[in-house]
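Participant: Sharing a structure here in structure tokens format.
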Amino acid sequence: MQKQQILELVRQEVRSAVIARKEFIIAANWKMNKDKNDIIGFLKNLNKEKLENKNKIILFPPYPYLYLLEEQLRYSKALYGMQNIFWETSGAFTGEVSVEMALDFGCKYVIIGHSERRNILMETDEMAGKKVGACLQHGLSPVLCVGENLDERKFSHYKERIKSQIATALSQVDIEKTGKIILAYEPVWAIGTGMNASPEQVEEVHMFIRSVLDSLFGEKAAACIPILYGGSVKTSNVRDIAVAKDVSGFLIGGASLDFDEFKRIISLLDT
Ligand code: PGA
């Protein structure tokens, strides 16, 4: 056997050992996709295949289908949440949905500050902060998305951008509640483009995010905040990114829509 082949085998062994030891969060962000029948089929498969393993699965369907998850995931370990939330509890806010409504449907998580909401719907870091506050006040876990655009990456401004997104959105967070927060690093240039960040780029930013969290909350409290990676995650890259330092899981868009593809990703992160 060639030296190169031996090195590759050793690399694969080490990767498998690291993946087997880690407990990942595998979150599916379905965005504005799927319909009722499609979701029913997906949930049936999920219940039938018993994909539950050491990892935690969280599904984020469009709002109108939440009731399907409430009904059909009752006996499954998979969890679910909303793709957005409004910070007020009730009132004249046409088109918005409150934390209480999310809780009514058994949601445990809410995606906040996704780049599509920031870029298309003009959401700001301050709005993200209000949404994080509303979630934590009522016991929901916010999944706060941060990440730079292509220009910020090209001109090496990405750390500044990410730091200010985190600092603004989490400035009011009570240190006791850090256990509920999840961060998701999603470089905008890698979302839905097929262009994922390399494991080295992911590791660099995740370690940077950890240091920002350390300075906000102190090392001990910050250590319990999972940091997910999102942006063109698929079967071919998930294991390489999974072993990067400070990667606690994934927020997956396109590759989570098809049950078989999602199932393959789940099993690749099992052992
Ligand atoms: P993608 O989306 O996996 O399709 O790139 C990820 C996301 O936007 O959360």
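Participant: Please calculate how many Å² of accessible area the stretch 202-243 carries per residue, with a 1.4 Å probe and no DNA, RNA or ligand atoms counted.
Facilitator: 36
Participant: Using the heavy atoms of the protein chains alone and a 1.4 angstrom probe, what is the accessible area of the stretch 1-92 per residue in square angstrom?
Facilitator: 59
Participant: With a 1.4 Å probe and all protein chains kept in place, how do 77, 131 rank by accessible area, largest first?
Facilitator: 77, 131
Participant: Here's another thing I want to ask about it. Over the stretch 123-211, with every protein chain in place, what whole percent of the accessible area is carbon and sulfur at 1.4 Å, could you tell me?
Facilitator: Ligands and nucleic acids excluded, carbon and sulfur give 51 percent.
Participant: How long is the gain from residue 37 to residue 215 if the chain were fully straight, where each residue apart is worth 0.36 nm and the alpha carbon distance is subtracted?
Facilitator: 59.4 nm
Participant: Under a 1.4 angstrom probe, counting protein chains only, how are 32, 1, 101 ranked by accessible area, largest first?
Facilitator: Listed by decreasing accessible area, they come as 32, 1, 101.
Participant: Any idea of the accessible area per residue across the stretch 137-177, 1.4 Å probe, to the nearest Å²?
Facilitator: Result: 54 Å² of accessible area for each residue.
Participant: Check which residues have an amide H placed less than 5 Å from residue 57's amide H, if you skip close sequence neighbours.
Facilitator: 26, 79
Participant: For the stretch 10-34 and the stretch 122-164, compute the distance between their C-alpha centroids and round to whole Å.
Facilitator: What the calculation gives is 23 Å, centre to centre.
Participant: So for 246, 104, what's the accessible-area order with a 1.4 Å probe, most first?
Facilitator: Largest to smallest exposure gives the sequence 104, 246.
Participant: I need the shape label for the stretch 36-194. Rule: rounded when a/c is under 1.5, else prolate if a/b > b/c, else oblate, with a, b, c from the alpha carbon gyration tensor.
Facilitator: Prolate is the answer for the stretch 36-194, as a/c is 1.5 or above and a/b outweighs b/c.
Participant: Also: Just going by the charge dipole of the chain, with Lys and Arg at +1 and Asp and Glu at -1 on Cβ, which of 45, 185, 107 is farthest out on the positive end?
Facilitator: 45
Participant: Helix-only estimate, please: 222 nm mean residue ellipticity of the chain, summing -39500 (n - 2.57) across DSSP H runs of length 4 or more and dividing by its residues, to the nearest 500.
Facilitator: Roughly -13000 deg cm²/dmol at 222 nm, from the helical runs in the chain.
Participant: For the chain, give the magnitude of the charge dipole about the Cα centre (Cβ charges: +1 Lys/Arg, -1 Asp/Glu; no others), in debye to the nearest 20.
Facilitator: 680
Participant: Could you check which residue among 186, 148, 176 shows the biggest mean-square fluctuation in a GNM of the chain with a 10 Å Cα cutoff?
Facilitator: 176
Participant: If R0 is 25 Å, what FRET efficiency do you get for residue 171 and residue 240 from their C-beta distance, rounded to 0.05?
Facilitator: According to the calculation, E is roughly 0.15.
The values are calculated or read from the model by the stated rules, or taken from the named source; none is laboratory data. Fair warning: this is a prediction, and the values are worked out from it, not measured in the lab. FYI the Cβ positions are ideal-geometry reconstructions off the backbone, even for glycines, and counts take in every protein chain you see. Note: areas computed on protein heavy atoms with side chains; ligands, DNA, RNA excluded. Shrake-Rupley method; radii C 1.70, N 1.55, O 1.52, S 1.80 Å.
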